[in-house]
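Colleague: So that we are looking at the same thing, I have put the structure below in structure tokens.
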């Protein structure tokens, strides 16, 4: 390691320890790799589910980072002609799942919600994970309080249909992408409901379980031997014990819920391999197809209610299954923060690529209360470079 790399590694070590000390569970894993392989740094703190010390190869729950995986699968089906982005999503699902999901101000917009709306978070659909019913806790709070249980997609969608209210009508996202929106802002609000529907579409169109498609179309082709779907599949090679899932530093046991929502576990190495291939367009028939996921950015809005405080908001922008994050100059006055693209998860996990200076960054706290961590920790890392 040359002197410059030793210097930056030392700074990263100090930043990592400072960040760990602020975490209630003292649990964190972080990895950085230059695209050309000239630099790599990693660190881990905390213990695994079995009590052994964590290290750079410890698997972690990737939460909503899996949206990039599922978006890539769906876009593969678009390339193959099995799915049309601007067709109503209900065309691909039985009416028992799709009907009446978007009743907004007395009008049923369900038939106007397209597959593209789901991919871009512009549908206005309520979020089964974070949104609150008029009375009571949201669904995740109920499960943590009352105990783990299976959540069939039919139950999740019935919960959305009967107890939650859409946030706005489906947005003119296609006009925006074509430059015909007359400068009008596109409303964008994060909703896990849309990606649960995407998973259902993928299974319905292919006639195969999502976990089989993950392995056959993504993991095996990229050599991701240490990635699997929680309580559905196993990694193709033995892996060390994973991080426990925490909530404010206390262990949470929700294996049934994780299985129900097709939760994924992976490692830093596998996550970086995935993003490298995705960004290079290697997962698609036409390399230029990757532009669909990394262009046409539209920003999320400001938080307006207690659910949206926990959701991605401005200045984060979204495209078709991927995030863009760049702090405005106001928040980075000395030197502008470079653009980063990728995804985060509500458990404080992240997977980003920074084109300048060609860095891949991934890691996790695996704590249900750490959703904002990546947007504080990753910019601090970039400042060191």
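The values are calculated or read from the model by the stated rules, or taken from the named source; none is laboratory data. Everything numeric here is computed off the predicted structure, so don't read it as measured data. Please note: Cβ atoms are built from the backbone with ideal geometry, for glycine as well, and neighbour counts cover all protein chains shown.
Colleague: Restricting to helices (runs of 4 or more DSSP H) lying wholly in the range 105-222: which have 1 or more residues that are over 21 Å from the mean Cα position of the chain (by Cα), modelled with pLDDT of 95 or more and closer than 23 Å to residue 321 by Cβ?
Modeller: The qualifying helices (runs of 4 or more DSSP H) are 192-206.
Colleague: Quick one: what pairs do we get from the range 107-124, first residue without any contact (Cβ under 8 Å) to a residue 40 or more places away in the chain, second in a loop (DSSP other than H, G, I, E, B), C-beta under 7 Å, 6+ apart or different chains?
Modeller: 108/100; 108/102; 110/99; 110/100; 110/101; 110/102
Colleague: Is it true that some residue in the range 137-158 is farther than 21 Å from residue 211 by Cβ, touching a strand residue (DSSP E or B) at 6+ places or on another chain (Cβ under 8 Å) and touching a residue at least 40 places away in the same chain (Cβ under 8 Å)?
Modeller: Checked the range 137-158: at least one residue is farther than 21 Å from residue 211 by Cβ, touching a strand residue (DSSP E or B) at 6+ places or on another chain (Cβ under 8 Å) and touching a residue at least 40 places away in the same chain (Cβ under 8 Å).
Colleague: Return the only residue of 13, 86 being in contact with a helix residue (DSSP H, G or I) (Cβ under 7 Å, 6 or more places away or on another chain), surrounded by fewer than 13 Cβ atoms within 10 Å (Cβ to Cβ) and in contact (Cβ under 8 Å) with a residue 12 or more places away in the chain.
Modeller: Just one listed residue meets the conditions, 86.
Colleague: Scan the range 75-82 and tell me whether some residue there is out of contact with any helix residue (DSSP H, G or I) (no Cβ under 7 Å at 6 or more places or on another chain) and in a loop (DSSP other than H, G, I, E, B).
Modeller: Scanning the range 75-82, I find at least one residue that is out of contact with any helix residue (DSSP H, G or I) (no Cβ under 7 Å at 6 or more places or on another chain) and in a loop (DSSP other than H, G, I, E, B), so the answer is yes.
Colleague: Please work out if residue 243 is touching a strand residue (DSSP E or B) at 6+ places or on another chain (Cβ under 6 Å) and surrounded by 15 or more Cβ atoms within 10 Å (Cβ to Cβ).
Modeller: Here the answer is yes, as residue 243 does meet what is asked.
Colleague: Show me the strands (runs of 3 or more DSSP E) entirely contained within the range 261-352 in which 2 or more residues are closer than 30 Å to residue 152 by Cα.
Modeller: Where strands (runs of 3 or more DSSP E) fall fully within the range 261-352 and carry at least 2 residues being closer than 30 Å to residue 152 by Cα, they are 264-266, 340-345.
Colleague: Still on this model: Name the residues in the range 286-301 that are in contact with a strand residue (DSSP E or B) (Cβ under 8 Å, 6 or more places away or on another chain) and over 13 Å from residue 320 (Cα atoms), would you?
Modeller: 300
Colleague: Which condition breaks for residue 383 when tested against (1) over 21 Å from residue 59 (Cα atoms); (2) in contact with a helix residue (DSSP H, G or I) (Cβ under 8 Å, 6 or more places away or on another chain)?
Modeller: Tallying (1) over 21 Å from residue 59 (Cα atoms); (2) in contact with a helix residue (DSSP H, G or I) (Cβ under 8 Å, 6 or more places away or on another chain), residue 383 fails exactly one: (2).
Colleague: Any idea which of 57, 121 is within 24 Å of residue 281 (Cα to Cα) and in contact with a helix residue (DSSP H, G or I) (Cβ under 8 Å, 6 or more places away or on another chain)?
Modeller: Going through 57, 121 in turn, just one is within 24 Å of residue 281 (Cα to Cα) and in contact with a helix residue (DSSP H, G or I) (Cβ under 8 Å, 6 or more places away or on another chain): 121.
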